[in-house]
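The values are calculated or read from the model by the stated rules, or taken from the named source; none is laboratory data. Because the structure is a prediction, the values reported are computed rather than measured. Note that we place each Cβ from the backbone using ideal geometry, even for glycine, and neighbour counts take in every protein chain shown. In case anyone asks, the SASA skips ligands and DNA or RNA and just uses the protein heavy atoms, side chains included. Shrake-Rupley method; radii C 1.70, N 1.55, O 1.52, S 1.80 Å.
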Amino acid sequence: MISKIYIAHKNQIVREHLENVSAFAAQNASKIGLAKAGELLGLLHDLGKYSDAFQKYICSATGLINPDEDEYVDATGLKGKIDHSSAGAQLIWNFAKNRKNQDQIAAQFLAICLASHHSGLIDCLTVDGENGFVKRISKADFKTHLEEVKQKIETAILEKAYELLKDPQCFGDVLQKLKKIAKKENSEKSVKAQFQIGLLVRMLFSCLIDADRLDTADSENPGNIKQRHYGDYTNWDVLIERLEKKLEKFENNTKVDKLRRDISEACLDRSKDATGIFTLTVPTGGGKTLSSLRFALHHAQKHKLDRIIYVIPFTSIIDQNAGVVRDIMEIEKAEKGQIVLEHHSNLLPEIQNYKSKILTENWDCPIIYTTSVQFLETIFGGGTRSTRRMHQLANSVIIFDEIQTLPIKTVHMFCNAVNFLTNHCNSSVVLCTATQPLLNMVNENKGKIFFDNTNEIIPDIEILFAELKRVEIKNEIKPQGWQIDEIAALAIEQTIDSGSCLVIVNTKKNAQAVYEACSKSTDYSVYHLSTNMCPAHRMDKLTEMRIKLGKKHLICISTQLIEAGVDVDFGSVIRFVAGLDSIAQAAGRCNRNGLRNTGKVFIVNPANETIDSLEDIKIGKEITSERILYHFSQNAKDKPDDLLSPKWMNQYYEYYFFRRANEMSYPVDVGRDDSLLELLSTNGLSVGNYNSVNSKPLDIYFRQSFKAAADVFKTIDAPTQGIVVPYDKIGKEIIADLFSQFAVEKQFELLKRAQRYTVNVFPNDIKKLKDASAIREVPEIGILVLSDPRYYHPEFGLSTEVIKEYDPLIH
């Protein structure tokens, strides 16, 4: 017979789990002023686990019921099929459905979170116009077991739940938040207001999900508790002292040194400002990494913020910048990985089991380095894996490094997210770049970021850019285009002249072609960089180059990954024509420290370049070559001018954003032309579908198609998955350990190490490698590893074909 002790997980009873999650969720939600709501959600989220159906399942699955007993059920076949999340949602909705309209709005808000906590946010209204919320909340009692569990739940739990429901603060705090968003956007019915209201749902949902996952993980493996911070971090004062000591040691001899110090002082000065939106527009080589960290540390200290999150476009910069900051911040051996956390690889599969959920990062660290992809997944992606981290964005300093790389289709959603985080979550956002995009100039009705010169940390950008000018741009575009051999010859010529040359191309194919052409034509060291190489591989190559730069002649051929913040200093640069922002970033790798009189940056147009599938590069290239370079040449006839000045960059972005305005709402096909911005806000077309088949107008407040939007967001972005590669001795050891270490705490550490040995791969290439039996899956957690080293090239990285010259004695 079933015990009167109700089991939530193998080592935990339901009451203990509900009380623990309630406390965690309340703590998480307190950051956004919804502590009471978080407490209630935690208390009710697994209410359905008191049902006989669930208890037979969980006791059979954990061996508490023997297979020969009458109550035994096939747990494998029932996994995920017993509804234990709807009961709590129904309890809240039933309490409020006959009360005033405002209470019903708050109840729907909370019920959505509860009904969604295992699947990801549900569609309140489907794209076909079906009332998804009412369908879920009206689910039959024999499926949700609400009346049954109300009889079985401990009296204290049920009484506490009703006490919270009757507490005016519980619903009142929710309604106050909704009103504040509506007031800030001037209308609760606007796209901007509804989108941010949807983000508020997702934020509270995140508070619940992370609380649930943490307590579940800790109950299954108490050893996890030792690895977590639970918000108990090294004091900001200590970290500030460490950074200030480091800054004091920097030399102040050259003009560039002095300008970097001025930038750092400006960041310190503005850190005293109130929380909000800031721009940090600094020429490449201006020392943004430590200057922005200085701002963030002092700003977090002043406003008692929880963490600093760096969002960076490429893993190559994360390796570099996180390494610099870690060396400064983590000076004690016990602090390694406890102050600075890198989270950038997509190692875990989309569909998770209990073990991989435990291993998922939740950004519980004072300084986080993550990628743009991870950030966008956190605020827009589906399921629960990424969403659980969203609440960590509240009460934080969020620095978007190289913000010009933001995907064009996410512009309006991103702008709304930034406004939401700064206006309603007590966070500060810093948009950091040498080439500031005009996110304050896009369509206001769909969402733009409100900033002007007063938000800029640097007092006078124009003067700073003029003083930090270190290169001369040479437009070498010719009608017939440049052949690969001609580009290689120019690279060798410039290497002879200036000691080193960096060639930045638009495609991996051209990177290999130019590399091979240079290698055949010179005895100088020639290097190749691309995202087919794992971070450890790229870092090794960069380290080799940095040692040789200024001492030996060398050439590097790279895709655009090197442009965004990679700290290298070449005598000259050749850039395949692209957007002006890319050219400016490329120029930042030339004469970076101002040790030469003037560096040379050549713009060339390769013959027969195929970039039709690279829309961002293609359009940027067309605007630069057809408009910007032409107008600049005409203007320069009359007076000296600098192509890389903020004036020309603003002109470039005006053309670029105007041309792509229709793409900024994230257009999607959901059986009709729509956009993610609409699906996640007013959802007008879905409302129209509802009204066309219903005589009564839609009577629910929330009508976002959360699940449909998340599904399309994944589909369109063709999400990559990480493959751990056997690069060098450490990579091979990590792969071997992944197959031998089954203790969760060991796998947790292995996954952290494995990020540096991971290549993110698109589904079509994963299929090719699987068909070739070149990759294997780690049992139980589903991580992919490259099991056949013949598919990893020592110069080019991961390949979908066997390396012809592969020699096992060398590798």
Exercise. Under the condition of being open to solvent by 30 Å² or more (accessible area, probe 1.4 Å) and part of a loop (DSSP other than H, G, I, E, B), which residue from the range 452-469 is farthest from Leu644 (Cα to Cα)?
Worked result: Asp452
For this session: Spot the failing condition for Asp103; the list is (1) open to solvent by 10 Å² or more (accessible area, probe 1.4 Å); (2) part of a loop (DSSP other than H, G, I, E, B), and only one is missed.
Result: (2)
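So that you can scan it fast, the table gives a plain yes or no per residue for (1) over 30 Å from Lys135 (Cα atoms); (2) over 25 Å from the mean Cα position of the chain (by Cα):
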{"site": "Asp699", "(1), (2)": "no, yes"}
{"site": "Ala708", "(1), (2)": "no, no"}
{"site": "Lys714", "(1), (2)": "no, no"}
{"site": "Thr720", "(1), (2)": "yes, no"}
{"site": "Val724", "(1), (2)": "yes, no"}
{"site": "Ser740", "(1), (2)": "yes, yes"}
{"site": "Phe748", "(1), (2)": "yes, no"}
{"site": "Arg753", "(1), (2)": "yes, no"}
{"site": "Ile783", "(1), (2)": "yes, no"}
Problem set entry | Number of the exception - Ser582 against (1) touching a residue at least 12 places away in the same chain (Cβ under 8 Å); (2) over 25 Å from Ser645 (Cα atoms) | (2)
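Per-residue answers, yes or no, for (1) in a helix (DSSP H, G or I); (2) open to solvent by 10 Å² or more (accessible area, probe 1.4 Å):
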site	(1), (2)
Arg294	yes, yes
Leu297	yes, no
Gln301	yes, yes
Leu305	no, no
Val311	no, no
Ile318	yes, no
Asn321	yes, no
Val324	yes, yes
Exercise. Would you pick out the residues in the range 387-424 that are out of contact with any strand residue (DSSP E or B) (no Cβ under 9 Å at 6 or more places or on another chain), among the polar types (S, T, N, Q) and open to solvent by 10 Å² or more (accessible area, probe 1.4 Å)?
Worked result: Asn423
For this session: Please find, within the range 567-609, the residue that is surrounded by the most Cβ atoms within 10 Å (Cβ to Cβ) out of those that are of a type outside the set (D, E, K, R), in a loop (DSSP other than H, G, I, E, B) and touching a helix residue (DSSP H, G or I) at 6+ places or on another chain (Cβ under 8 Å).
Result: Ala578
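Would you pick out the residues in the range 177-198 that are touching a Gly at 6+ places or on another chain (Cβ under 8 Å) and among the hydrophobic types (A, V, I, L, M, F, W, C)? It would help to see each step written out before you state the result.
Of all residues in the range 177-198, those touching a Gly at 6+ places or on another chain (Cβ under 8 Å) come to 177, 191-192, 195.
Within the range 177-198, Val191, Phe195 qualify.
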For this session: Only helices (runs of 4 or more DSSP H) wholly contained in the range 674-778 count here; list those with 1 or more residues that are surrounded by fewer than 21 Cβ atoms within 10 Å (Cβ to Cβ) and charged (D, E, K, R).
Result: 706-716, 728-738, 744-754, 763-771
For this session: Answer yes or no as to whether Leu110 is of a type in the set (A, V, I, L, M, F, W, C), assigned to a loop (DSSP other than H, G, I, E, B) and crowded, with 24+ Cβ neighbours inside 10 Å.
Result: no
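Which residues, taken from the range 419-433, are assigned to a strand (DSSP E or B) and either among the polar types (S, T, N, Q) or farther than 22 Å from Asn28 by Cβ (or both)? Write out each step before concluding.
So the first thing to find is which residues in the range 419-433 are assigned to a strand (DSSP E or B), and the list is 428-433.
Ser428, Val430, Leu431, Cys432, Thr433 - these are the residues of the range 419-433 that are assigned to a strand (DSSP E or B) and either among the polar types (S, T, N, Q) or farther than 22 Å from Asn28 by Cβ (or both).
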Seminar exercise, completed: Per the filter on the range 625-646, residues in contact with a helix residue (DSSP H, G or I) (Cβ under 8 Å, 6 or more places away or on another chain), part of a helix (DSSP H, G or I) and either in contact (Cβ under 8 Å) with a residue 40 or more places away in the chain or open to solvent by less than 50 Å² (accessible area, probe 1.4 Å) (or both) are Ile628, Phe632, Pro646
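I need a count of the residues in the range 69-127 that are among the charged types (D, E, K, R) and over 27 Å from Lys56 (Cα atoms).
Residues meeting the conditions: 5.
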Exercise. Got at least one residue in the range 66-75 being on the phi < 0 side of the Ramachandran plot and either small (Gly, Ala, Ser) or not in a loop (DSSP other than H, G, I, E, B) (or both)?
Worked result: yes
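Here is a yes/no grid of residues against (1) outside any helix (DSSP H, G or I); (2) modelled with pLDDT under 95; (3) charged (D, E, K, R):
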site	(1), (2), (3)
Leu125	yes, no, no
Glu147	no, no, yes
Leu158	no, no, no
Leu164	no, no, no
Gly172	no, no, no
Lys177	no, no, yes
Lys180	no, no, yes
Ser187	yes, yes, no
Lys192	no, no, yes
Problem set entry | Val442 being aliphatic (A, V, I, L, M), within 27 Å of Ser187 (Cβ to Cβ) and not in a strand (DSSP E or B) | yes
Problem set entry | Which listed residue is open to solvent by 10 Å² or more (accessible area, probe 1.4 Å) and either among the small types (Gly, Ala, Ser) or closer than 28 Å to Ala586 by Cα (or both), from Leu439, Leu376, Leu431 | Leu376
Exercise. Tally time: how many residues in the range 123-160 are hydrophobic (A, V, I, L, M, F, W, C) and closer than 23 Å to Ala26 by Cβ?
Worked result: 5
Exercise. Quick one: in the range 233-292, which of the residues that are under 18 Å from Ala466 (Cβ atoms) and part of a loop (DSSP other than H, G, I, E, B) is modelled with the highest pLDDT?
Worked result: Val282
Exercise. Met545 is checked against (1) under 28 Å from the mean Cα position of the chain (by Cα); (2) without any contact (Cβ under 8 Å) to a residue 60 or more places away in the chain and fails just one. What number does that condition carry?
Worked result: (1)
Exercise. For the range 153-171, does any single residue satisfy the condition of being open to solvent by 10 Å² or more (accessible area, probe 1.4 Å) and within 19 Å of His118 (Cα to Cα)?
Worked result: no
Problem set entry | Counted residues, the range 656-673 - those being of a type in the set (Gly, Ala, Ser) and open to solvent by less than 30 Å² (accessible area, probe 1.4 Å) | 1
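Table: residues versus (1) closer than 28 Å to Lys180 by Cβ; (2) in a helix (DSSP H, G or I); (3) open to solvent by 40 Å² or more (accessible area, probe 1.4 Å).
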{"position": "Ile5", "(1), (2), (3)": "no, no, yes"}
{"position": "Ala25", "(1), (2), (3)": "yes, yes, no"}
{"position": "Gly42", "(1), (2), (3)": "yes, yes, no"}
{"position": "Tyr57", "(1), (2), (3)": "no, yes, no"}
